[in-house]
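Novice: First the structure, then my questions, so here it is.
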Amino acid sequence: MPKDDTNLAEKEVDLFSLYAEDPERADQLVFGRVANADRRGFLKGAGLATMGAMLGASIPFHRNMPSGFIPEALATTPGVVAGKDGLSVLNDRPVNAETPPHLLDDAVTPTSRHFVRNNGIPPEEINPDTWELIIDGLVDNPMKLRIADLKSKFEVVTRQLVIECGGNGRVYFDPPAKGNQWTLGAVACAEWTGVRLGDVLKAAGIKNNVIYTAHEGADTHLSGKEGKLAISRGVPLNKALDPNNLIAFGMNGGPIHPMNGAPLRLVVPGWPGSCSQKWLRRVWLRDKVHDGPKMTGKAYRVPGYPVAPGTKVPKKDFKIIQAMPVKSLITTPQTGLKLTKGERALEVRGQAWAGDNTVAAVDISIDFGATWTRANLKNPANPYAWQQFSQTVRFPQAGYYEVWARATDDAGRMQPFAIAWNPKGYLNNSMHRVSVVVT
Ligand SMILES: Nc1nc2c(c(=O)[nH]1)N[C@H]1C(S)=C(S)[C@@H](COP(=O)(O)O)O[C@H]1N2
Ligand SMILES: [Mo]
């Protein structure tokens, strides 16, 4: 049995607190080398690209940086990831950054606003022209494909697809759950271009005994151990063959952002974001449930039955998360809005999505859920795109209000008021609330 990787989250600590506690160890972690190693060597380690990404620039004189050195820009403005705009950085090693809800108002999330969830250290140097994807395991014809091969051998499609981290909303769990303390913004709907995963697997010839996929990326484990994967997940074959899954090489009409998996990634919409392997190197087919890092133990699993907050659940009762639940996000107004000058009417807007399902309705309340008004709801641009909703609400008098949104999917499932607590803090789809003060 592979080791349970679920306590890895504990190692995902903030860079600055680590430097304060133990600069030598921090340096080793950040730069991937021991602090007193060859000076020219240690800054070439895996952490430099991450450092550069955090700073928004490479560091020409990085060799002059003393060990334990914290760049001023990181010390004063920790909220920066190159090519990202307005994201909140939750963790810088590995980089994890989410998008404030009011920046998710677009039907298609701009690349600069797509959240980042890294479990390890992204690859340093990527060359899209020579990048190779291996398809092997239980297939008739193992394949090695460059991106040019994917483009010439398979139909290229463009789709708007939601990726949501399984741990989105974890911060609201009480008792708290370990791991990145995502609030609301570990979700996005970008427009991805690529080929269908199913087409590529079929071309390789799927053997009769295949039941599961296994995905591997080119990022490295936080420990820096050679050949140790940060994360390797898979999906049941029937999900893998869904024509909406892409092996993507394009994002919003341009290249994939380096932190979102350039030059090649999976997009398996509707299921936890962890199924959408970034920096994709290999997909192999198996005759058993995949057991890669973060596939086993309690990772991306919830108890198979509802439990009261704080319940200790035996490991054997945990089930792999499949489809994500119905959810909505209010993107306008931004919480804390003050309406002045006697304004009483306000347009509320947002996004709604529902795992493998579609959203049938979104309702809005301004009176703490006593009454609800149906919002206008758009159809998805394509399956697995999120759906925009809007409604104008009118506040009867001056005072403090909360606008609540509640989506219902086409199977009749509705977002709950309270969080369905689970030990690892996954699948929080409780209703989003924003505050509005009318003066
Ligand atoms: N290779 C690799 N793929 C990965 C991850 C990772 O750490 N390494 N993180 C996964 C998780 S947990 C999520 S939620 C999504 C996030 O995709 P994004 O960073 O593009 O938003 O990528 C998934 N794919
Ligand atoms: Mo995730």
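Novice: Among the listed pairs LYS178/LYS316; LYS228/LYS278; LYS178/LYS319; LYS288/LYS312; LYS239/LYS294; LYS178/LYS312, which are separated by more than 24 Å between their Cα atoms?
Specialist: Checking Cα-Cα distances, LYS288/LYS312 exceed 24 Å.
Novice: What order do you get for 349-359, 213-223, 363-373 when each peptide is scored by the mean count of other beta carbon atoms within 10 Å, highest first?
Specialist: 349-359, 213-223, 363-373
Novice: Among all the lysines, which ones have a C-alpha under 17 Å from LYS151's C-alpha, if same-chain residues fewer than 8 places away are not counted?
Specialist: LYS202
Novice: Find which of ALA214, GLY198, PRO306 sits farthest along the positive direction of the dipole of segment 132-320, computed with +1 on the beta-carbon of Lys and Arg, -1 on that of Asp and Glu, about the Cα centre.
Specialist: PRO306
Novice: Return the distance in nm (one decimal) between the two label points of a simple spin-label model at THR335 and ALA308, each offset 7 Å from Cα along Cα→Cβ.
Specialist: Modelled inter-label distance: 2.8 nm.
Novice: A further question follows. Dipole magnitude of segment 173-248 about its Cα centre, charges +1 at Lys/Arg Cβ and -1 at Asp/Glu Cβ only, in debye to the nearest 20?
Specialist: 260
Novice: DSSP loop (so not H, G, I, E, B), at most 15 other Cβ within 10 Å: list which trypsin sites (Lys or Arg not before Pro) in segment 218-255 pass both filters.
Specialist: LYS225, LYS228
Novice: So for SER58, SER328, fewest C-beta neighbours within 10 Å to most, what's the order? Kindly include the intermediate steps, with their values, before the conclusion.
Specialist: On the way: SER58 12, SER328 28.
Listed from fewest to most nearby Cβ atoms, that is SER58, SER328.
Novice: Nearest 20 debye, what's the magnitude of the dipole of segment 132-320 about its Cα centre given +1 on Lys and Arg Cβ and -1 on Asp and Glu Cβ?
Specialist: In total the dipole reaches around 500 debye.
Novice: May I pose another question? Count the net charge of all other residues whose Cβ sits under 11 Å from the Cβ of VAL116, scoring Lys and Arg as +1 and Asp and Glu as -1.
Specialist: +2
Novice: Show me the ranking of peptides 152-163, 190-201, 313-324 by mean Cβ neighbours inside 10 Å, starting with the highest.
Specialist: Ranking, from highest mean packing down: 190-201, 152-163, 313-324.
Novice: Now for a different question. Using the number of other C-beta atoms within 10 angstrom as an exposure proxy, rank LEU337, LEU87, LEU150 with the fewest first. Walk me through the numbers on the way to the answer.
Specialist: Values: LEU337 16, LEU87 23, LEU150 19.
Least to most surrounded, the residues fall as LEU337, LEU150, LEU87.
No lab work stands behind these numbers, since they all come straight from the coordinates. As the structure is a computational prediction, the values presented were derived from the model and not from experiment. Every residue, glycine among them, receives a Cβ derived from its backbone with ideal geometry; neighbour counts consider all protein chains shown.
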